[in-house]
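Participant: Supplied in structure tokens, the structure appears directly below.
Read-outs: derived from the displayed coordinates by stated rules, not from any lab. Because the structure is predicted, anything quoted here is derived from the model rather than measured. As a convention, Cβ positions derive from the backbone with ideal geometry for all residues, glycine included, and neighbour counts pool all protein chains shown.
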Amino acid sequence: MTNQNLYTALRAAFPADLDSTAIETGDSPVALHYTWRDLERGAAMLANLLGSLALPPASRIAVHVDKSVEGLMLYLAVLRAGHVFLPLNVAYQHSEMAYFIGNAEPAVVVCGSRNFGWISKLAFTSGTQHVYTLDDDRSGTLLARAAHHSDEHTPAHREADDLAAIVYTSGTTGRSKGAMLTHGNLSSNARVLKTYWGWRSPGTGKAAERAGGGDVLIHALPTFHVHGLFVASHAALLGGSRTLWFNRFDPRAIVARLPEATVFMGVPTMYVRLLAEAGLKRQACQGMRLFISGSAPLLAETFRQWQERTGHTILERYGMSETLMLTSNPYSPESARRAGTVGLALPGVGVRVHDPKGRPLPAGEIGGVEVKGPNVFKGYWRMPEKTADEFTTDLWFKTGDLGTLDDDGYLTIVGRNKDLIISGGYNVYPAEVEGYVNEMPGVAESAVVGVPHPDFGEAVVAVVVPKAGATVDGATIVASLKAKIAHFKVPKIVFVDSDLPRNAMGKVQKARLRELHKTVFVG
Ligand code: MCA
Ligand code: AMP
């Protein structure tokens with residue numbers, strides 16, 4: 001049987017000239033050039049380090065680090081070694097990390113050195129045996145230890161159905177659920193996207209010649225989520241393409257490098273911020289082939305402004321952590337990309353719209369979006385009931401998104417039947433934030449909603465009701481929350497009110513709160 005380890009497929013796509021540049025850093029003090037051989041060797045040494053620990057197969061390797069090329073090598077090493085990569089947003093604080101470590105029971109935890117004290121304590125208490133550090137300046141114990149290992153490594157044999165990664169995605173009621181993604185899920189989706197988006201390997205096509213050998217990707221997304229870790233990185237690796245790598249998203253720095261690139265992927269907030277740059281002009285984008293947006297709805301206004309300013313039409317696509325990419329606007333012709341839609345089902349992916357009773361809806365009607373395909377995950381980590389709940393009896397996955405298909409098969413996402421806020425491409429689950437707000441002194445109850453925001457698309461706000469006789473202050477609650485949870489989840493404003501609007505059943509009417517506060521950030 002051929003080895004289905006995703007690393008094997010990625011490695012096979014490396015260009016023949018292993019000494020050519022794979023990744024050039026865009027925001028380090030001095031530009032660093034990583035060759036394909038560097039990636040291969042770095043990942044081998046890290047894989048050998050993992051091998052030396054004699055971990056059981058499919059051990060979870062939890063990674064809570066600032067973005068760096070070495071972090072990407074660690075991902076490749078985990079694949080190679082046949083373990084399971086568990087990326088965690090570096091913004092997560094103690095209570096969030098306590099849950100992830102307790103739930104996933106990782107054999108190895110890698111964190112930034114500034115967080116080693118509290119994270120190692122959490123990890124060791126939970127039974128993790130190995131904690132290493134990795135910083136974004138190529139320092140830390142992980143690399144120091146890996147340096148003692150061989151730079152040759154044979155990838156572990158893996159079947160398509162074997163686990164490659166667990167990506168936590170928050171639950172609507174309880175805590176986060178770990179979406180289990182297999183080598184087959186990741187490689188099938190990567191291959192489909194490579195073809196669908198016309199990825200150019202070195203040496204083919206006019207744009208490739210201009211770029212001096214194939215596509216050049218600007219990678220400025222975080223690498224702890226599907227978009228940056230899988231969609232963007234796999235595309236570049238499988239395309240054998242050069243990457244201009246940014247550890248942080250700095251719109252000005254990115255505009256300055258556009259003339260050297262051919263592809264950019266970002267969340268809508270990134271497009272909004274790039275549009276605010278005076279340097280974003282047609283000329284800067286002349287060599288660009290493709291701008292891709294996803295993770296959150298792209299406003300038709302942003303789509304049009306981008307066309308006017310750059311002459312390019314953004315290609316919007318749609319996906320989920322559980323399913324990877326599902327739909328995409330067409331690559332060609334550019335005029336077939338429709339604002340406000342997320343495009344057509346990708347090859348091999350089934351997309352249908354059903355009513356709440358599970359009956360198919362005709363084109364133009366709004367219902368629950370359900371999907372099927374080799375990209376759909378294996379289930380939630382250690383949550384078989386939750387997994388079963390999210391699939392229909394004929395085994396289609398219920399996305400929780402509300403959408404409508406038109407006669408041409410274009411999908412438009414019109415809302416969600418899950419209580420979820422997407423802020424700047426990050427998912428925030430109101431129930432989780434309400435849990436933390438309700439623990440604050442003097443708070444009787446709270447409701448967290450998303451309202452329109454010019455930069456983040458949606459922003460988190462909370463309405464808090466004080467306990468009888470208590471006084472609470474919104475700013476104090478915000479400050480206390482920032483000490484506890486990732487800042488992107490913290491309400492930008494906390495309103496204090498005497499009660500929450502409820503319906504006859506006693507349920508909080510969040511739609512009314514959204515309506516009441518909908519202009520707080522936009523005029
Ligand atoms: C930062 N802040 C945020 C956000 N990002 N608040 C709300 N929503 C956010 N997204 C907070 C910071 O903590 C800080 O607060 C304050 O806002 C100002 O930060 P700023 O410097 O402006 O932010 P930044 O560091 O520049 O980040 C903005 C960003 C980032 C680059 C747009 O949010 C980002 O990288 N978003 C992409 C997320 C992503 O990759 N999503 C893909 C998920 P304070 O001062 O209090 O600290 S994968 C997915 O969704 C599916 C599968 C898919 O389809 O792709
Ligand atoms: P995540 O849990 O981070 O995987 O986020 C997945 C969710 O992001 C989806 O269920 C959608 O609600 C949303 N999403 C992703 N891409 C788009 C898009 N292009 N337009 C609208 N919503 C999107």
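Participant: Apply 1/(1 + (r/R0)^6) to the Cβ-Cβ distance of residue 283 and residue 335, taking R0 = 25 Å, and write down the FRET efficiency to the nearest 0.05.
Facilitator: Rounded to the nearest 0.05, the efficiency is 0.65.
Participant: Using the basic label-point model (7 angstrom from Cα toward the beta carbon), what is the residue 2 to residue 118 distance in nanometres?
Facilitator: 4.7
Participant: Another question, if that's okay. For residue 30 paired with residue 365, estimate the spin-label separation in nm (one decimal), with each label point 7 Å from Cα along the Cα-to-Cβ line.
Facilitator: Each label point is offset 7 Å from its Cα along the Cβ direction, giving 6.6 nm.
Participant: Computed FRET efficiency, Cβ-Cβ of residue 473 and residue 139, R0 35 Å: what is it to the nearest 0.05?
Facilitator: My answer for the efficiency is 0.25.
Participant: Show me, for the stretch 347-359, the HN-Hα J-couplings you get by feeding each phi into the Karplus relation (A = 6.51, B = -1.76, C = 1.60, θ = phi - 60°), rounded to Hz, glycine and proline as x.
Facilitator: Once θ is set to phi - 60°, the couplings for the stretch 347-359 become x, x, 9, x, 10, 9, 10, 10, 7, x, 8, x, 9 Hz.
Participant: Once the Cβ-Cβ distance between residue 37 and residue 91 is put in as r, and R0 is 30 Å, what FRET efficiency do you end up with, to the nearest 0.05?
Facilitator: Once rounded, the FRET efficiency stands at 0.35.
Participant: Rank the residues 418, 177, 507 as a footprinting-exposure proxy: fewest other Cβ atoms within 10 Å of their Cβ go first.
Facilitator: Ascending number of Cβ neighbours within 10 Å: 507, 418, 177.
Participant: What percentages make up the Cα-Cα pair-distance distribution of the chain when the bins are 10 Å wide from 0?
Facilitator: 4, 18, 29, 28, 16, 4, 1, 0
Participant: Kindly provide log₁₀ I(q)/I(0) values, in the same order as q = 0.25 Å⁻¹, from the Debye equation applied to equal alpha-carbon scatterers of the stretch 230-324.
Facilitator: Scattering profile of the stretch 230-324, log10 relative to I(0): -1.56.
Participant: Related question: Can you list which of the GluC sites (Glu not before Pro) found in the stretch 434-519 are DSSP loop residues with at most 13 other C-beta atoms within 10 Å?
Facilitator: In loop regions of the stretch 434-519 (DSSP not H, G, I, E or B), the sparsely surrounded GluC sites (Glu not before Pro) are 439.
Participant: If you don't mind, another one. Taking loop as defined by DSSP and a crowding limit of 13 other beta carbons within 10 Å, which GluC sites (Glu not before Pro) in the stretch 293-383 fit?
Facilitator: 365
Participant: Tell me the trypsin sites (Lys or Arg not before Pro) within the stretch 241-341 that lie in a loop according to DSSP and have at most 14 other beta-carbon atoms within 10 Å.
Facilitator: Passing both the DSSP loop test and the Cβ count: 248, 281, 282.
Participant: If I stretch the segment between residue 275 and residue 386 completely, what's the gain in nm (0.36 nm per residue apart, minus their alpha carbon distance), one decimal?
Facilitator: Here the answer is 35.9 nm.
Participant: Can you give the extra length, in nm with one decimal, that the chain gains between residue 357 and residue 504 once fully stretched, where that is 0.36 nm per residue apart less the Cα-Cα distance?
Facilitator: Difference between extended and current length: 50.5 nm.
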